[in-house]
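The values are calculated or read from the model by the stated rules, or taken from the named source; none is laboratory data. The structure presented is a predicted model; accordingly, all values stated were derived computationally and were not measured. Because the Cβ atoms are built from the backbone with ideal geometry, glycine has one as well, and the counts that use them run over all protein chains shown. Protein only, heavy atoms only, side chains kept; ligands, DNA and RNA dropped before computing areas. Shrake-Rupley method; radii C 1.70, N 1.55, O 1.52, S 1.80 Å.
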Amino acid sequence: MSFDLIVRGGTLSDGTVADIGIKGDKIAAIEPRIDAAAGRVVDATGNLVSQPFVDPHFHMDATLSYGLPRINASGTLLEGISLWGELKPLLTHEAVKERALAYCDWAVSMGLLAIRTHVDTCDDRLLAVEALLEVKKEIAPYIDLQLVAFPQDGLYRSQNARANTIRALDMGVDVVGGIPHFERTMADGTRSVTELCEIAASRGLMVDLHCDETDDPLSRHIEQLAYEAQRLGLQGRVAGSHLTSMHSMDNYYVSKLLPLIAEAGVSAIPNPLINIMLQGRHDTYPKRRGMTRVPEMLKAGIRVGWGQDCVLDPWYSLGTADMLDVAFMGLHVAQMSSPADMRRCFDMVTKINAEIMGLDHLGLAVGRTASLVVLDAGNPIEAVRLRAERLCVVARGKVVAERPKRDTALSIAGRPATINRRHVVPPQAN
């Protein structure tokens, strides 16, 4: 048997050393040693080989727009929304598409090969929807892109948002989104959760709501989302993004809420970089940092994945499309420091996020799509610690990005000539 590509001698996430044989766009073999001809061989000896990184929460219509038309002076979520409102009338189809494609180039270079992006449906032109549908088609050979119809200014609060959201879904947008805590009243927020879930159920779509992205502990729309997921039989197809109000909720209420979320099969998508940057801005000290209760959710059996959310836009002034940055920050804020928890943080930006998005074709297994990344690390924990370099990225059987391994040269008498900060952890520490 011959292969188009063999990734040779890599270390898989479970510690197994294996060759991966690829034919066309599929993984055809994973074996300790593949002795066969190949069109190309990638030497991954000593390096971690993983399924690609996946981001289940992003805003591609706004990405790389930082500074347009001005900078978010307060650093708050609400000023970011207001600033986006100023920018929307200035958007052009070409500019949205150009910035999105540039970000996708960044993503490929970082081994990020699947993204779920929310796209604002409150602009009557649906300009960003049209642009990102074109982007989705163009990048399909190397990135899985899901679009979420997102009424940024409120399904009911914005005059035409409901009709525009329906239009966007009719145009081919994949997922139903919403922002219940931004409606004019709590009652309207609750009503919007019900209607959005009913729309998704009638169309056979997934749901991903910006839910309770606020410091207000009385913002409890996640409870309604869990209820609707169970009522409408949407288990496994619903995600609540952010959920930052849970950081401030009464502990007794949360003890009731978490089992309801788990029972309803609702996934949670915290976005640690942005959540800790935007939340708690009205606090003095002690200052809340706003990230939801990730360890408690995991203990309750809730599926949790880390999201990026923003890169260089009205809400966030940094970012590089690196999901290991996201895992690194999430690990710290959630205090997930045990070896098992640190490995889980790596899974939360790879396979768990793929599960949340329903991307069953991803994963390192025979018959799956041949998309993977070779990292300059020995294992998942080291990859997170180092935010490891992506040495090679394979998308649908083709090498789409690569860079040479770069150690640092030292000129110190009696010390090694090069270093790379990799470290062998004693077995008893794992």
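Using a/c under 1.5 as the rounded threshold, could you call region 113-159 rounded, prolate or oblate? The axes a ≥ b ≥ c are square roots of the C-alpha gyration tensor eigenvalues, and prolate needs a/b larger than b/c, oblate otherwise. The shape class here is oblate. Here r is the Cβ-Cβ distance between Ser255 and Thr185 and R0 is 22 Å; the resulting FRET efficiency, rounded to 0.05, is 0.20. Seen against the Cα atoms of the chain and their longest principal axis, helix 93-109 is set at about 40 degrees.
Taking every DSSP beta bridge with both residues inside region 5-118, roughly what % is antiparallel (nearest 5)? All intermediate terms of the calculation are to be shown ahead of the outcome.
Details: 10 of 19 bridges.
Just about 55 percent of them are antiparallel.
Once the Cα-Cα distance is subtracted from the 0.36 nm per residue extended length, the Glu31 to Thr408 segment shows a gain of 132.4 nm.
FRET efficiency for the pair Glu296 and Ala73, taken as 1/(1 + (r/R0)^6) with r the Cβ-Cβ distance and R0 = 25 Å, rounds to 0.10. Under a 5 Å amide H cut-off, with hydrogens placed 1.01 Å from N, Gly46 pairs with Thr11 among residues at least 5 apart or on other chains. Using a Gaussian network for the chain with springs between C-alpha atoms less than 10 Å apart, which of these wobbles most: Leu372, Leu78, Leu147? Sorting by GNM fluctuation, first place goes to Leu78.
What the Kirkwood sum gives for region 245-333 is a hydrodynamic radius of 14.0 Å, with every pair of different alpha carbons counted. When Rg and Dmax are taken over the Cα atoms of the chain, they come to 21.8, 71 Å. Once you have a ≥ b ≥ c as the square roots of the Cα gyration tensor eigenvalues for region 311-408, tell me rounded if a/c is under 1.5, and otherwise prolate or oblate according to whether a/b is larger than b/c. Here region 311-408 falls in the rounded category. Across the chain, C-alpha contacts under 8 Å between residues 6 or more apart give a mean separation that, scaled by the residue count, equals a relative contact order of 19 percent. Placing R0 at 30 angstrom, the Cβ-Cβ distance between Ala262 and Asp14 gives a FRET efficiency of 0.70 after rounding to 0.05.
Would you mind giving the three semi-axes, in whole Å and largest first, of the ellipsoid equivalent to region 45-98 according to its Cα gyration tensor? The partial results should precede the final answer.
Details: eigenvalues 200, 49, 20 Å².
With the √(5λ) rule applied to region 45-98, the semi-axes are 32, 16, 10 Å.
Note on the chain: lysine pairs with Cα distance below 29 Å, sequence gap of 8 or more or different chains, count 28. Expressed as a whole percent, the accessible surface of the chain that belongs to carbon and sulfur atoms is 53, based on a 1.4 Å probe.
Between Ala95 and Glu130, full extension at 0.36 nm per residue minus the direct alpha carbon distance yields a gain of 11.4 nm.
If you roll a 1.4 Å probe over the heavy atoms of the protein chains, what accessible area per residue do you get for the chain, in Å²? Write out the running numbers ahead of the final one.
Values: 17430 Å² over 430 residues.
Accessible surface, normalised per residue, equals 41 Å².
Work out, step by step, the length gained on full extension between Arg288 and Ser2: first 0.36 nm times the residue separation, then minus their alpha carbon distance; give nm to one decimal. All intermediate terms of the calculation are to be shown ahead of the outcome.
Details: separation 286, 0.36 × 286 = 102.96 nm, distance 5.69 nm.
Taking 0.36 nm per residue and subtracting the Cα distance, the gain is 97.3 nm.
Comparing His361, His59, His242 in a Gaussian network model of the chain, where Cα atoms under 10 Å apart are tied by springs, the biggest mean-square fluctuation is seen for His361.
Over region 28-185, what is the relative contact order in whole percent, taking alpha-carbon pairs under 8 Å and six or more residues apart?
On the way: 211 pairs, mean separation 33.6, N = 158.
Rounded, it is 21 percent for region 28-185.
According to the square roots a ≥ b ≥ c of the eigenvalues of the Cα gyration tensor, what is the shape class of region 176-263, taking rounded for a/c under 1.5, prolate for a/b larger than b/c otherwise, and oblate for the remainder? Mind showing how you got there, number by number?
Numbers: a/c = 2.06, a/b = 1.36, b/c = 1.52.
Because a/c hits 1.5 or more and a/b fails to exceed b/c, region 176-263 counts as oblate.
One Cα centroid belongs to region 373-430, the other to region 194-268; the line between them spans 39 Å. DSSP beta bridges confined to the chain are antiparallel in about 40 percent of cases.
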